[in-house]
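To keep things clear, I will list the structure first and then write my remarks on it.
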Amino acid sequence: MTVTTPSAPHDSQPALKIALLGAGTVGSQVARILTEDAEMLAARVGARLELAGVFVRNPDGRRDYQLPRELYTTDAEALVDSADIVLELMGGIEPAKSLIERAIGNGSAVVTGNKALLAQSGSELFAAAAEAGTQLSFEASVAGAIPILRPLRDSLAGDTVTRVMGIANGTTNYILDQMDTTGAAFDDALADAQELGYAEADPTADIEGHDAAAKAAILANLAFHAPFRIDEVYCEGITRITAADNEAASEAGYVIKLLAIAERITAGDGTAGAVLRVHPTLLPREHPLAAVRGAFNAVFVETQNAGELMFYGPGAGGAPTASAVMGDTVSIARRLVRGGAGRTHTPRSVVPALPVGEARTSYMVVIRVADRPGVLAAIASAVAEHGVSIESMRQVPLAEDDLVVEESDEAYTDEAPESLLRIITHEAKEQNLAATVATIKELDVVTEVVSVLRVEGN
Ligand SMILES: NC(=O)C1=CN([C@@H]2O[C@H](COP(=O)(O)OP(=O)(O)OC[C@H]3O[C@@H](n4cnc5c(N)ncnc54)[C@H](O)[C@@H]3O)[C@@H](O)[C@H]2O)C=CC1
Ligand SMILES: N[C@@H](CC=O)C(=O)O
Ligand code: NA
């Protein structure tokens, strides 16, 4: 590290050189803060944070926050080599990974918001940073502005975290909230989320749950002090959620949220480990997570001694995420100025990732059935066969729109009436529920299993 003495005569403080890789939604806001809050930052750090350059594809492009033209460069390697602290805000795996490795190899500190990269190659990068005696900080990578990784790593270091459950993706929470409260169409709500800067460059990562899965792996990594990768996270996105699901949830007193859950469990064979899962989940309307609106995030943490903690705040967007990036940057810069060893996350435990079939939760199963005597008994026995027990079962008539229309265009007649059966189960093992659904599908009184949604917080 070089704390350089400034060449400009009016600058009396030493300076740390900052390389910014990427000037999109988040990078532009980081550039703004570094420029507009330069004095405040210098006072807090004890050195100026000098923007050495910004790596972009097109130096002449327009950006949310415009810097002098000479600061933009297409030579990422030279920029990285010139910096004390590298802020990687491009996203994606390459060239982000190689540039981070290069920075670490140079002994520079790195701040990133790149959860996709960390959930794939975090162990490798943390090990490289530890080896080089430098820091790799990533608070922005999970739940945007919310300080959640530092509390897990530091504040709760003397406790045992048993479960982390949260809304960790702003885009999907925004979409689900819009669908639930305004009846917005999925595509319109997604377009708004993109416009507002919440979505990933390819929003498939958001709506298919991959972004939340990456965050679940990172959260588990810090909570359980053990390495987890994205491919160990069971993942279902929100693309199959329909207006009918929202209606059924609402009628039953629930709201649908995409949750990321990491929990310690003991499997049927006695193996202690963790299950990591991301899926749309029904939450009772009065549950605190049900009240998390728009692109806000919230993370519940359950520990042996502290009990239950909840972290809440803006989970996406340029300025909120830039706040987390700047928090990491100032913290690193202070250390560079004042000395002392930098700490990089080094997971030391071994906590095996267990299959999702071992997870236990409740379920809401909506089934379309023939409306005739014996149906309820047939369903109840199929459920009991797999050791699942029913908390409530409600039969609702099919809405007009749902009536089957024959080719002759005549509405479904009274001779073969159907209804919807909405079952809420008690907590059951995921694999038993899957077997139950398979059996139910085979019953001749069942026309269709319309939806199966997990329920938390009952
Ligand atoms: N937008 C948000 O709310 C949040 C984003 N993040 C993460 O922060 C990072 C940046 O996100 P955004 O600013 O939203 O993305 P963005 O897509 O708005 O900005 C990324 C910028 O990097 C540039 N870039 C990407 N690859 C490049 C390459 N090979 N060469 C040159 N330039 C390249 C793009 O042209 C773009 O200007 C991502 O890792 C994202 O997952 C994390 C938390 C919240
Ligand atoms: N696309 C992400 C951005 C923040 O991590 C989200 O929607 O949460
Ligand atoms: Na955060």
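The values are calculated or read from the model by the stated rules, or taken from the named source; none is laboratory data. Small disclaimer: the values here were computed from a predicted structure and weren't measured. As a convention, Cβ positions derive from the backbone with ideal geometry for all residues, glycine included, and neighbour counts pool all protein chains shown. Heads up: the accessible areas ignore ligands, DNA and RNA and are worked out on the full protein's heavy atoms, side chains in. Shrake-Rupley method; radii C 1.70, N 1.55, O 1.52, S 1.80 Å.
Given the structure, is P6 at pLDDT below 95 and touching a strand residue (DSSP E or B) at 6+ places or on another chain (Cβ under 6 Å)? Break it down into steps so the answer makes sense when it comes.
Details: at pLDDT below 95: yes; touching a strand residue (DSSP E or B) at 6+ places or on another chain (Cβ under 6 Å): yes.
It is true that P6 is at pLDDT below 95 and touching a strand residue (DSSP E or B) at 6+ places or on another chain (Cβ under 6 Å).
Restricting attention to region 316-352, which residues are in a helix (DSSP H, G or I) and small (G, A, S)? I'd like the intermediate steps shown before the answer.
To start, the set of residues in region 316-352 that are in a helix (DSSP H, G or I) comprises 318-338.
Residues satisfying the conditions are G318, A319, A322, S323, A324, G327, S331, A333.
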key: Enumeration of residues in region 206-235 that are open to solvent by 10 Å² or more (accessible area, probe 1.4 Å), free of Cβ contacts under 8 Å to residues at least 60 places away in the same chain and either in contact with an Asp or Glu (Cβ under 8 Å, 6 or more places away or on another chain) or of a type in the set (F, W, Y) (or both)   = C235
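Somewhere in region 357-369, is a residue assigned to a loop (DSSP other than H, G, I, E, B), of a type in the set (V, I, T) and either within 26 Å of C235 (Cα to Cα) or open to solvent by less than 60 Å² (accessible area, probe 1.4 Å) (or both)?
Scanning region 357-369, I find no residue that is assigned to a loop (DSSP other than H, G, I, E, B), of a type in the set (V, I, T) and either within 26 Å of C235 (Cα to Cα) or open to solvent by less than 60 Å² (accessible area, probe 1.4 Å) (or both), so the answer is no.
For a quick check of your reading: which helices (runs of 4 or more DSSP H) sit entirely within region 198-295 and have at least 2 residues that are more than 24 Å from A316 (Cα to Cα)?
Those helices (runs of 4 or more DSSP H) span 243-251.
Give the residues of region 184-197 that are among the aliphatic types (A, V, I, L, M), outside any loop (DSSP other than H, G, I, E, B) and within 21 Å of M90 (Cβ to Cβ), sorted by residue number.
At the first step, the residues of region 184-197 found to be among the aliphatic types (A, V, I, L, M) are 184-185, 189-191, 193, 196.
Filter once more, so that each one left must be outside any loop (DSSP other than H, G, I, E, B): 189-191, 193.
Result: A193, single match.
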request  = Within region 109-124, identify whether any single residue is within 16 Å of ligand 3 (Cβ to nearest atom), of a type in the set (S, T, N, Q) and assigned to a strand (DSSP E or B), and answer yes or no.
outcome  = yes
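Quick one: is S155 outside the structural domain of I256 (by TED's automatic domain parsing) and away from ligand 2 (no atom under 15 Å from the Cβ)? First the steps, then the outcome.
Numbers: outside the structural domain of I256 (by TED's automatic domain parsing): no; away from ligand 2 (no atom under 15 Å from the Cβ): yes.
So S155 fails the test.
Is it true that G91 is assigned by TED's automatic domain parsing to the domain that holds G27, part of a loop (DSSP other than H, G, I, E, B) and within 12 Å of ligand 1 (Cβ to nearest atom)? Before the answer, list the steps.
Working: assigned by TED's automatic domain parsing to the domain that holds G27: yes; part of a loop (DSSP other than H, G, I, E, B): yes; within 12 Å of ligand 1 (Cβ to nearest atom): yes.
So G91 passes the test.
Go through the residues of region 301-312 one by one and say whether even a single one is in a strand (DSSP E or B), crowded, with 22+ Cβ neighbours inside 10 Å, outside the structural domain of G387 (by TED's automatic domain parsing) and among the hydrophobic types (A, V, I, L, M, F, W, C). Write out each step before concluding.
Step one: list which residues in region 301-312 are in a strand (DSSP E or B), which gives 301-303, 307-312.
After this cut, where a residue has to be crowded, with 22+ Cβ neighbours inside 10 Å as well, the list is 301.
With the extra rule that they be outside the structural domain of G387 (by TED's automatic domain parsing), the set shrinks to 301.
If we keep only those that are among the hydrophobic types (A, V, I, L, M, F, W, C) too, we end up with 301.
Among the residues of region 301-312, at least one is in a strand (DSSP E or B), crowded, with 22+ Cβ neighbours inside 10 Å, outside the structural domain of G387 (by TED's automatic domain parsing) and among the hydrophobic types (A, V, I, L, M, F, W, C), which makes the answer yes.
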note = The one condition V111 fails out of (1) within 25 Å of the chain's Cα centre (by Cα); (2) within 12 Å of ligand 1 (Cβ to nearest atom); (3) open to solvent by 10 Å² or more (accessible area, probe 1.4 Å); (4) in contact (Cβ under 8 Å) with a residue 12 or more places away in the chain is (3)
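If you scan region 179-211, which residues turn out to be touching a Leu at 6+ places or on another chain (Cβ under 9 Å) and more than 22 Å from G22 (Cβ to Cβ)?
Taking region 179-211 first, the residues touching a Leu at 6+ places or on another chain (Cβ under 9 Å) are 189, 199, 203, 206-207, 209.
Correct list: A189, I207, G209.
Tell me, which residue of region 127-138 that is assigned to a helix (DSSP H, G or I) and open to solvent by 10 Å² or more (accessible area, probe 1.4 Å) is farthest from ligand 1 (Cβ to nearest atom)? Show your work before the answer.
Taking region 127-138 and keeping what is assigned to a helix (DSSP H, G or I), we get 127-132.
Next, from what is left, pick out any that are open to solvent by 10 Å² or more (accessible area, probe 1.4 Å): 127-128, 130-132.
Working: A127: 21, A128: 19, A130: 22, E131: 24, A132: 22 Å.
Looking at the filtered set, the residue picked out is E131.
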inquiry  = Scan region 97-105 and tell me whether some residue there is open to solvent by 10 Å² or more (accessible area, probe 1.4 Å), assigned to a helix (DSSP H, G or I), in contact with a Lys or Arg (Cβ under 9 Å, 6 or more places away or on another chain) and of a type in the set (D, E, K, R).
reply    = no
task = Within region 284-294, identify whether any single residue is among the basic types (K, R), more than 22 Å from A157 (Cβ to Cβ) and within 16 Å of ligand 2 (Cβ to nearest atom), and answer yes or no.
result = yes
inquiry  = Against the conditions (1) touching a Phe, Trp or Tyr at 6+ places or on another chain (Cβ under 7 Å); (2) away from ligand 1 (no atom under 16 Å from the Cβ), where does T266 fall short? Just the number, please.
reply    = (1)
ask   = Which condition number in (1) within 14 Å of ligand 2 (Cβ to nearest atom); (2) open to solvent by 50 Å² or more (accessible area, probe 1.4 Å) is the one that V350 fails?
value = (1)
ask   = Taking region 141-165 as the search range and keeping residues that are open to solvent by less than 10 Å² (accessible area, probe 1.4 Å) and touching a Ser or Thr at 6+ places or on another chain (Cβ under 6 Å), which one is nearest to ligand 3 (Cβ to nearest atom)?
value = G144
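One line per residue, one yes/no per condition, for (1) outside any strand (DSSP E or B); (2) touching a Ser or Thr at 6+ places or on another chain (Cβ under 6 Å); (3) more than 16 Å from ligand 3 (Cβ to nearest atom); (4) not charged (D, E, K, R):
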{"position": "G53", "(1), (2), (3), (4)": "no, yes, yes, yes"}
{"position": "N58", "(1), (2), (3), (4)": "yes, no, yes, yes"}
{"position": "Y65", "(1), (2), (3), (4)": "yes, yes, yes, yes"}
{"position": "V86", "(1), (2), (3), (4)": "no, yes, yes, yes"}
